[in-house]
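Participant: I am attaching a structure below and will ask some questions about it afterwards.
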Amino acid sequence: MARKRKSKNHDDHVDESWLIPYADLLTLLLALFVVLFASSSIDAEKMKQFASSFNEAFDGGTGVLDEKSSVPPTVSNNSLPQGANTEEENSPNEELSGLQQKVDEYISNSGLHGKLQTTLSDDGLKITILNDVFFTSGSAEVQQVNYKVAQDIAKLLVINPPRQIVIAGYTDNVPISNANFSSNWELSSMRALNFMKVLLENKELNPQWFSVRGYGQYHPIASNDTPEGREKNRRVEILITPSSKPSE
């Protein structure tokens, strides 16, 4: 009887050796949480920045993550003080508008109304000069009598930043055939070229920004049926484009 009771007491004893690895596991988990908590504390400032950006994207700086946005509100053009510069005010056409005013003042002060005129469009600023100012009939040589006008125009073309400048020649529809030219096309091209050469005598102008075109009689701006119309069609045009890339 005594032997059986001893065996029963031994069987009732519980094996607690599993507590050792369990305790080790808890220790490791605790260490992991401590490391994660430390990492989150270090990046708290970054979290605030994230919260600010996130709230700004949704409702302008409040709500969502209960952080005030550090991003300044966008200022509309309507709320800018009068006279403040905007992108539109610095557009190429705005700058060309200022140049147009200078050219118009020169035309007025020089008494060249009816001989020179300006037009501003999306293509740029166009200065139209009647051929009678610089050329005699059938000739492509710039007259010395108005040489100073060409030099004055060259000074007005010195602008910053530089722009592409196209010099174009036009004629009326009266046929030409002499020792120098066999067509109005050749005459208009040579007039444009010679006029450009006079402009480029100004060393402040870079030839890289200039080009020449000859249109002959094919782009009239008035009827060729009257002397007045043919006079308007005989012209040289200077086109200052909005482009700030030199001609290629």
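Participant: Tally time: how many residues in the range 167-186 are open to solvent by 10 Å² or more (accessible area, probe 1.4 Å), among the hydrophobic types (A, V, I, L, M, F, W, C) and touching a residue at least 40 places away in the same chain (Cβ under 8 Å)?
Facilitator: Count: 2.
Participant: So which residues in the range 133-160 are surrounded by fewer than 17 Cβ atoms within 10 Å (Cβ to Cβ) and aromatic (Phe, Trp, Tyr), if there are any at all?
Facilitator: 147
Participant: Another one. Of all residues being under 22 Å from residue 230 (Cβ atoms) and assigned to a helix (DSSP H, G or I) in the range 120-144, which is farthest from the chain's Cα centre (by Cα)? Just the residue, please.
Facilitator: Just the residues of the range 120-144 that are under 22 Å from residue 230 (Cβ atoms), to begin with: 126-143.
Checking the rest, the ones that are also assigned to a helix (DSSP H, G or I) come to 131-133.
Numbers: 131: 35, 132: 38, 133: 36 Å.
Only one residue fits best here, namely 132.
Participant: With the condition kept exactly as written, say whether any residue in the range 195-211 is more than 29 Å from the chain's Cα centre (by Cα), of a type in the set (S, T, N, Q) and either surrounded by 17 or more Cβ atoms within 10 Å (Cβ to Cβ) or modelled with pLDDT of 95 or more (or both).
Facilitator: Here is the first cut: in the range 195-211, the residues more than 29 Å from the chain's Cα centre (by Cα) are 195, 197-198, 201.
Filter once more, so that each one left must be of a type in the set (S, T, N, Q): none.
No, the range 195-211 contains no residue that is more than 29 Å from the chain's Cα centre (by Cα), of a type in the set (S, T, N, Q) and either surrounded by 17 or more Cβ atoms within 10 Å (Cβ to Cβ) or modelled with pLDDT of 95 or more (or both).
Participant: Going by the structure shown, is residue 228 surrounded by fewer than 18 Cβ atoms within 10 Å (Cβ to Cβ) and closer than 26 Å to residue 114 by Cα? Can you show your working first?
Facilitator: Working: surrounded by fewer than 18 Cβ atoms within 10 Å (Cβ to Cβ): yes; closer than 26 Å to residue 114 by Cα: yes.
The answer is yes for residue 228.
Participant: So which residues in the range 170-226 are assigned to a loop (DSSP other than H, G, I, E, B) and among the basic types (Lys, Arg)?
Facilitator: The one that is assigned to a loop (DSSP other than H, G, I, E, B) and among the basic types (Lys, Arg): 203.
Participant: Among all residue pairs at least 6 apart or on different chains, which show Cβ distances below 9 Å where the first residue, located in the range 199-221, is within 17 Å of residue 150 (Cα to Cα) and the second is among the β-branched types (Val, Ile, Thr) and open to solvent by 40 Å² or more (accessible area, probe 1.4 Å)?
Facilitator: Note: pairs meeting the criteria are 202/158; 204/158; 205/158.
Participant: Additional query: Kindly evaluate residue 85 against the criterion of being within 22 Å of the chain's Cα centre (by Cα) and at pLDDT below 90.
Facilitator: yes
The values are calculated or read from the model by the stated rules, or taken from the named source; none is laboratory data. Since the model is a prediction, treat every value here as computed from it, not as a measurement. Virtual Cβ from ideal backbone geometry, glycine too; neighbours counted across all protein chains shown. When the accessible area is computed, the model is the full protein with side chains, heavy atoms only, and any ligands, DNA or RNA have been set aside. Shrake-Rupley method; radii C 1.70, N 1.55, O 1.52, S 1.80 Å.
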